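Asker: Please find one structure pasted underneath; my questions will follow.
Please treat every number below as a calculation from the coordinates, not as lab data. Because the structure is a prediction, the values reported are computed rather than measured. Cβ: placed from backbone, ideal geometry, glycine included. Neighbour counts: every protein chain shown.
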Amino acid sequence: MHLNRYFIYLAYNGKNYNGWQVQPNGITVQATIEGALATLLRLPVPIVGAGRTDTGVHARRMVAHFDWHEPLTNLPFLAEKLNRILPKDIAIDKIVPVKEGAHARFDALSRTYTYYITTKKDPFTCEFAYKLHGVLDVDAMNKACEILYGYIDFTSFSKLHTDVKTNYCRISHARWERDGDAWRFDITADRFLRNMVRAIAGTLIETGRGKLSIQDFSAIIEAKDRGRAGTSVPGHALFLTDIAYPEELFTVNE
């Protein structure tokens, strides 16, 4: 039987969720969306996300795919009805048809994450930025960022005992920029390991505090030892911000 595949573009505040992926104990974003789809379409609808976000991590743009046995009409209205059912901390942006076999996870060309830190106490951003004390040498942090481009094995920044087959990733962009009263760390790669962004950010902050030199930062990567890197920063200030796909996935013959 021919199945019609669709990509769902969505955003969520991860504060109240035990991450993206369905698990036996705890509320997850994936399970919540699957439940809403099943309510609307009156059948179980498994979805596959572009990746996993950990407990408390947010997404400005997540993509997931699902299949349906017949073409769905009026996709904007379907997205609107989903938004009515879903809790206020999950929002569907759009649902689009894609080629048969298009995969939200495996066909992604790159993913971008953003991490926010601030040295100013602010009751309106405290849930989305990591409050630090003292002054950071952001120039040193950005010099360390450039080191990342020269490596592909990021075992030192990976959570231990994961089920991935390789710790190779290709980072194409990494930089800290001023964003109002906060600093924003943007990082783009073809793929990320579990906990990788938070571990890199924590190690870069140690560099900005003068506790690690640029040479130390390189040595940490080359050691391929998670114990050598800095402490992972908290998840509440991390956002998945973009996922890129090949254009040809969206060329669908109606």
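Asker: Run the simple label-point estimate for Asp67 and Ala38 please: 7 Å along Cα→C-beta, distance reported in nm.
Answerer: Placing both labels 7 Å beyond Cα along the Cβ direction yields 1.8 nm.
Asker: Calculate the spin-label point distance for Ser110 paired with Gln215, positioning each point 7 Å from the Cα along the beta-carbon direction, and give it in nanometres.
Answerer: 3.2 nm
Asker: Please enumerate, by chain and number, the lysines with C-alpha under 20 Å from the C-alpha of Lys81, excluding those fewer than 8 residues away in the same chain.
Answerer: Within reach: Lys94.
Asker: Rg and Dmax in Å for the stretch 110-241, alpha carbons only: what are they?
Answerer: Cα only, the stretch 110-241: 13.9, 42 Å (Rg, Dmax).
Asker: Calculate the FRET efficiency for Lys224 and Glu248 from the Cβ-Cβ distance with a Förster distance of 41 Å, rounded to the nearest 0.05.
Answerer: Given R0 = 41 Å and the Cβ-Cβ separation, E is 0.70.
Asker: What is the spin-label model distance, in nm, from Thr119 to Asn83 if the labels are put 7 Å beyond Cα along the C-beta direction?
Answerer: Placing both labels 7 Å along Cα→Cβ, they lie 4.0 nm apart.
Asker: Among the aspartates and glutamates, which fall within straight-line cross-link reach of Lys99, defined as a Cα-Cα distance under 17 Å, with same-chain neighbours fewer than 8 residues apart omitted?
Answerer: Partners within reach: Asp67, Glu70, Asp107, Glu247, Glu248, Glu254.
Asker: Related question: When only Cα pairs under 8 Å and 6 or more residues apart are kept, what is the percent relative contact order across the chain?
Answerer: Relative CO of the chain lands at 24 percent.
Asker: Let me ask another. How far is helix 75-85 tilted off the main Cα axis of the chain, in degrees rounded to 10, range 0 to 90?
Answerer: Its long axis makes an angle of about 70 degrees.
Asker: From the backbone phi of the stretch 48-56, what are the Karplus-calculated ³J(HN,Hα) couplings (6.51 cos²θ - 1.76 cosθ + 1.60, θ = phi - 60°) in whole Hz, Gly and Pro given as x?
Answerer: Listing the rounded values in order: 10, x, 5, x, 10, 10, 7, 3, x Hz.
Asker: Still on this model: Where Rh is the Kirkwood radius over the Cα pairs of the chain, the temperature 4 °C and the viscosity 1.567 mPa s, what D in µm²/s does Stokes-Einstein return?
Answerer: Reported coefficient: 67 µm²/s.
Asker: Sticking with this structure for a sec: Is it possible to state the helix-based mean residue ellipticity at 222 nm for the chain, with each DSSP H run of 4+ residues giving -39500 (n - 2.57), the sum divided by total residues, to the nearest 500 deg cm²/dmol? What is it?
Answerer: -7000 deg cm²/dmol
Asker: With contacts defined as alpha carbon pairs under 8 Å and 6 or more residues apart, what's the relative contact order of the stretch 101-191 in percent?
Answerer: Result for the stretch 101-191 is 38 percent.
Asker: Relative contact order (percent) for the stretch 113-247, with alpha-carbon contacts under 8 angstrom and 6 or more residues of separation?
Answerer: Working: 239 pairs, mean separation 47.1, N = 135.
Relative contact order comes out at 35 percent.
Asker: Then there's this: Per residue of the stretch 58-66, in order, report the coupling 6.51 cos²θ - 1.76 cosθ + 1.60 (Karplus, θ = phi - 60°) as ³J(HN,Hα) in whole Hz, putting x for Gly and Pro.
Answerer: 9, 9, 7, 8, 10, 10, 9, 10, 8
Asker: Related question: Which one of Trp176, Trp68, Trp20 has the biggest mean-square fluctuation once the chain is modelled by GNM with Cα springs under 10 Å?
Answerer: Trp68
Asker: Which residue, Val197, Val57, Val45, tops the fluctuation ranking in a GNM of the chain built on C-alpha contacts under 10 Å?
Answerer: In the Gaussian network model the winner is Val45.
Asker: In degrees between 0 and 90, to the nearest 10, how far off the longest principal axis of the chain does helix 138-147 point, with axes built from Cα atoms?
Answerer: 70 degrees
Asker: So which of Lys15/Lys121; Lys165/Lys224; Lys88/Lys120; Lys15/Lys143; Lys143/Lys211 end up more than 21 Å apart, counting from Cα to Cα? Each step should come with its number before you reach the end.
Answerer: Details: Lys15/Lys121 19 Å; Lys165/Lys224 15 Å; Lys88/Lys120 28 Å; Lys15/Lys143 32 Å; Lys143/Lys211 15 Å.
In this structure, Lys88/Lys120; Lys15/Lys143 exceed 21 Å between Cα atoms.
Asker: Mind checking the angle between helix 196-208 and the chain's longest principal axis? C-alpha axes, 0 to 90 degrees, to the nearest 10.
Answerer: Long axis of 196-208 versus the principal axis of the chain: about 30 degrees.
Asker: Multiply the residue separation of Ala91 and His133 by 0.36 nm, subtract the distance between their alpha-carbon atoms, and state the gained length in nm to one decimal.
Answerer: 11.7 nm
Asker: Now, a different point. So if I place +1 on the C-beta of Lys and Arg and -1 on the C-beta of Asp and Glu, and nothing else carries charge, what would the dipole magnitude of the chain be about its Cα centre? I want it in debye, nearest 20.
Answerer: 600 debye
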